[in-house]
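Everything below concerns the one structure shown next.
The values are calculated or read from the model by the stated rules, or taken from the named source; none is laboratory data. Remember, it's a predicted structure, so these values are computed and weren't measured experimentally. Because the Cβ atoms are built from the backbone with ideal geometry, glycine has one as well, and the counts that use them run over all protein chains shown.
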Amino acid sequence: MGVFEDTKNAITHSNDSYGHIHTNKDNTQSLLRAKEELEAMLQKQKQKEPFETGDFVADLERWRDLFIAHRKRRNITESSLLLIDRTLVYFIDFVKKEGIDISLREIDGRYYDMFIEHLSLKAKSKGKKVRDDGFFISKSTRILHKKHLIAFFKYISIKNADDFKIYFLD
């Protein structure tokens, strides 16, 4: 049974401030419109995105936009949203600069390692000093990027029309 299956039998009478009963057809019509809007919204949420289009960078950018919009609807803080977006922008820039032209089906942990190495070398070129672990970026920064990328690729795994699962560092 749908969320509003019994809408026609919904409240069609209301009491005014004097306790008199009034028929209220507008109430029923409002509930019917709300039911239609809710069902349309639920149907839209069930629709899945095409997994890939053949252009790796364009696919990453499209999924990034969808993921960020999804996270905004989840009411995360603006600062967290900016950090997530920054990680994804850095990752997409890395893919572009390195000329990585694969399909989403081929993405795996090797690309995370290459991405972190890329960021570390970029930090080195900006004069950052090497850390005890041999990287030019902190362990907490690497963990944060990893967390964001795992969430991003899990989102794609859940929302793609092909039901293809990406195992990125899992």
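Results for (1) in contact with a Ser or Thr (Cβ under 6 Å, 6 or more places away or on another chain); (2) acidic (Asp, Glu); (3) exposed (fewer than 12 other Cβ atoms within 10 Å of the Cβ), shown as yes or no for each residue.
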site	(1), (2), (3)
Phe51	no, no, no
Glu61	no, yes, no
Leu66	no, no, no
Thr77	no, no, yes
Thr87	no, no, no
Asp93	no, yes, no
Ile107	no, no, no
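What number of residues within the range 32-49 satisfy the criterion of being in contact with a Lys or Arg (Cβ under 9 Å, 6 or more places away or on another chain), modelled with pLDDT of 75 or more and not in a strand (DSSP E or B)? Counting residues in the range 32-49 that are in contact with a Lys or Arg (Cβ under 9 Å, 6 or more places away or on another chain), modelled with pLDDT of 75 or more and not in a strand (DSSP E or B) gives 1. If you go through the range 133-161 and keep only what is loosely packed, with under 14 Cβ neighbours inside 10 Å and either at pLDDT below 80 or polar (S, T, N, Q) (or both), you end up with Ser138, Ser140.
Out of curiosity, is Thr87 within 22 Å of Ile158 (Cβ to Cβ), assigned to a loop (DSSP other than H, G, I, E, B) and touching a helix residue (DSSP H, G or I) at 6+ places or on another chain (Cβ under 8 Å)?
The answer is no for Thr87.
Of all residues in the range 126-156, those that are more than 21 Å from the chain's Cα centre (by Cα) and within 27 Å of His70 (Cα to Cα) total 1. The residues listed here are Ile150, Ile137, Ile158; of these, the one that is of a type in the set (A, V, I, L, M) and either under 13 Å from Ser120 (Cβ atoms) or not in a helix (DSSP H, G or I) (or both) is Ile137. Restrict the check to the range 104-111 and report whether at least one residue is under 19 Å from the mean Cα position of the chain (by Cα), within 18 Å of Lys147 (Cα to Cα) and of a type in the set (Ser, Thr, Tyr). For the range 104-111, residues under 19 Å from the mean Cα position of the chain (by Cα), within 18 Å of Lys147 (Cα to Cα) and of a type in the set (Ser, Thr, Tyr): absent. Beta carbons closer than 6 Å, at least 6 apart along the sequence or on distinct chains, never pair a first residue in the range 80-100 that is not assigned by TED's automatic domain parsing to the domain that holds Leu66 with a second that is assigned to a helix (DSSP H, G or I) and among the polar types (S, T, N, Q).
You will find that of Lys154, Lys139, Lys128, Lys146, the residue that is in contact with an Asp or Glu (Cβ under 7 Å, 6 or more places away or on another chain), farther than 17 Å from Val57 by Cα and among the charged types (D, E, K, R) is Lys139 and no other.
Test Asp113 against the criterion of being modelled with pLDDT of 90 or more, loosely packed, with under 12 Cβ neighbours inside 10 Å and part of a helix (DSSP H, G or I), and give yes or no. If you could, list the steps in order and put the result at the bottom.
Numbers: modelled with pLDDT of 90 or more: yes; loosely packed, with under 12 Cβ neighbours inside 10 Å: yes; part of a helix (DSSP H, G or I): yes.
Spelling it out, Asp113 is indeed modelled with pLDDT of 90 or more, loosely packed, with under 12 Cβ neighbours inside 10 Å and part of a helix (DSSP H, G or I).
Applying the condition of being within 22 Å of Ile156 (Cβ to Cβ) and among the aliphatic types (A, V, I, L, M) to the range 116-132 and asking which residue is surrounded by the fewest Cβ atoms within 10 Å (Cβ to Cβ) yields Ile116.
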